[in-house]
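In what follows, a structure is listed as structure tokens, so that the remarks can point back to it.
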Amino acid sequence: MMRAIELARKGAGWTAPNPMVGAVIVKDGRIIGEGYHERYGELHAERNAIRNLREAAEGATLYVTLEPCCHYGKTPPCTEAILEQKIKRVFVGSGDPNPLVAGKGVQFLREHGVEVVENFMREECDAINPVFFHYITTHRPYVVMKYAMTLDGKIATRTGASKWITGEAARTHVQSLRGRYAAVMAGIGTVLADDPMLNCRLEGAHQPLRVIVDSKLRVPMESNILKTAREYPTLIACAIETEDNPAAEAVRASGAEVVSLGDGKGQVSIDRLLEYLGEQKVDSVLVEGGGEIHEACLRVGIVNHVCCYLAPKIIGGREAKSPVEGLGVAEMNEAMLLENPQITRLGEDFLMEYDVRRAE
């Protein structure tokens, strides 16, 4: 199963909105076939493992990180392929919360004489797919808030300078995050201050949808975002009428999509934006904005996970920017709580990751 997990992670960034899944077929103590779900719309892990068989799988054991599907989607049911190969036993890691599966795959196999062991290394298998589990049950993207800060909690100096807070290893890791998630979101303030590309610069990596929250549609035509909109998918979310609007027409002419999702108060509704992205099958969003958009996302309760890159620097300054701005809470007992810490050293920097604790 550890090998199946290792294989599953190879699909990161390419399977959305499907889960990452790995499968290994074992016979007489030997691996005779293995595979993983490589891209959305292509063969599932079980069928790829079967395609890679080196000998007949009759009587073999299958280890798969997620319950095999039993319905027709973009590919035929994996349960049928398992029966066709006369596989004797199946070890399943995670259950599939998709209503089209949700225990039906296991039931189908058992009804046809296959021995099934459920929840085998479930914790490790569940850890592969928090994005899928969230998206399939809520129909909204899983949201990760990412920022880099100095040891005194600053994301830029008092003049707005922010390049570079962290070292090369941390910056490379950020690129891997962009390749892993379906979309990258930033606010217009970040675009105006830093003129970022927000693409993934790792060779051969998946390119995320770039989402810019721009209530008044101020994104400059000469910005890197619009100059590369035909090369990288780009969505500008605004709060103004876009019908017969010259600014909106110009942005669309650059190759970007423009959608009006106002909150009735002249600002983009983050909640409506998440709903819209979910409808477009965007299963995950990496928020890489400044303190204002971070505060807006936290305020409406859409953040699921936090990635904080901590650099061994102190820059000071009461006017220097912090990761989360806005008004903030009045009392300590109102603070948002985080849990499940993970700490990774990246060169001289540290990556600290947490899940957002949900109210019970």
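The values are calculated or read from the model by the stated rules, or taken from the named source; none is laboratory data. Bear in mind the structure is a predicted one, so any value in this text is a computation, not a measurement. Cβ coordinates were reconstructed from backbone atoms using ideal geometry, including for glycine residues, and neighbour counts include every protein chain displayed. These accessible areas exclude ligands, DNA and RNA; they are computed on the full protein's heavy atoms, side chains included. Shrake-Rupley method; radii C 1.70, N 1.55, O 1.52, S 1.80 Å.
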Förster radius 41 Å - calculated FRET efficiency between residue 126 and residue 332, Cβ distance, rounded to 0.05 | 0.80
Radius 15 Å from Cβ of residue 147, net charge of other residues (Lys, Arg +1; Asp, Glu -1) = -1
Give a residue-ordered list of calculated ³J(HN,Hα) values for the range 92-108 (Karplus: 6.51 cos²θ - 1.76 cosθ + 1.60, θ = phi - 60°; whole Hz; x for Gly, Pro).
-> 10, x, 9, x, 9, x, 4, x, 6, 10, 5, x, 5, x, 5, 4, 4
Farthest toward the dipole's positive end in the range 54-130, which of 69, 129, 56, given Cβ charges of +1 (Lys, Arg) and -1 (Asp, Glu) about the Cα centre?
-> 56
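Considering only DSSP beta bridges whose two residues both sit in the chain, what percent are antiparallel, to the nearest 5?
40
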Computed [θ] at 222 nm, helices only, for the chain once each DSSP H run of length n ≥ 4 contributes -39500 (n - 2.57) | -7000 deg cm²/dmol
What is the local net charge at residue 77, summed over the other residues whose Cβ is closer than 11 Å to its Cβ (Lys, Arg +1; Asp, Glu -1)?
-> -1
Check residue 60: other-chain or 5+ apart residues with amide H under 5 Å from its amide H, H built from backbone geometry?
-> 88
Stokes-Einstein translational diffusion, the range 171-212 - Kirkwood Rh over all Cα pairs, 0.692 mPa s, 37 °C, in µm²/s = 311
Among 132, 91, 120, residue whose mean-square fluctuation peaks in a GNM of the chain (springs only between Cα atoms under 10 Å) = 120
Bins of 5 Å, starting at 0 and running to the largest distance - Cα pair percent for the range 1-155 | 2, 10, 19, 23, 20, 11, 6, 3, 3, 2, 2, 1, 0
Compute the accessible area per residue over the chain, keeping the other protein chains in place, probe 1.4 Å, unit Å².
-> 49
Each residue of the range 175-185 in turn: what ³J(HN,Hα) in whole Hz from Karplus with 6.51, -1.76, 1.60 and θ = phi - 60°, glycine and Pro shown as x?
-> 4, 5, 5, 4, x, 7, 9, 6, 9, 10, 10
Heavy-atom accessible surface of the chain: percent carbon and sulfur, 1.4 Å = 50
Scan around residue 262 for amide H atoms under 5 Å from its own, H built in the peptide plane at 1.01 Å from N, and keep only partners 5 or more places away or cross-chain.
-> 269
Which three lengths, in whole Å and largest first, does the range 231-295 cover when its Cα atoms are put on their principal axes?
-> 32, 31, 24
Choice from 328, 41, 262 showing the highest fluctuation, given a GNM over the chain with Cα pairs closer than 10 Å = 328
Assuming R0 = 51 Å, can you tell me the calculated FRET efficiency for the pair residue 168 and residue 72, based on Cβ-Cβ distance, to the nearest 0.05?
-> 0.60
Relative to the Cα centre, what is the charge dipole magnitude of the range 110-251, using +1 at the beta carbon of each Lys and Arg, -1 at the beta carbon of each Asp and Glu, and rounding to the nearest 20 debye?
-> 540
What is the set of long-range amide H partners of residue 287 at a cut-off below 5 Å, with H atoms built 1.01 Å from backbone N?
-> 144, 145, 146, 185
To the nearest 10 degrees, how steeply does helix 270-279 sit against the main Cα axis of the chain, on a 0 to 90 scale?
-> 30
The range 212-221 - phi-based ³J(HN,Hα) in whole Hz, Karplus 6.51/-1.76/1.60, Gly and Pro as x = 10, 8, 9, 3, 9, 6, 9, 4, x, 5
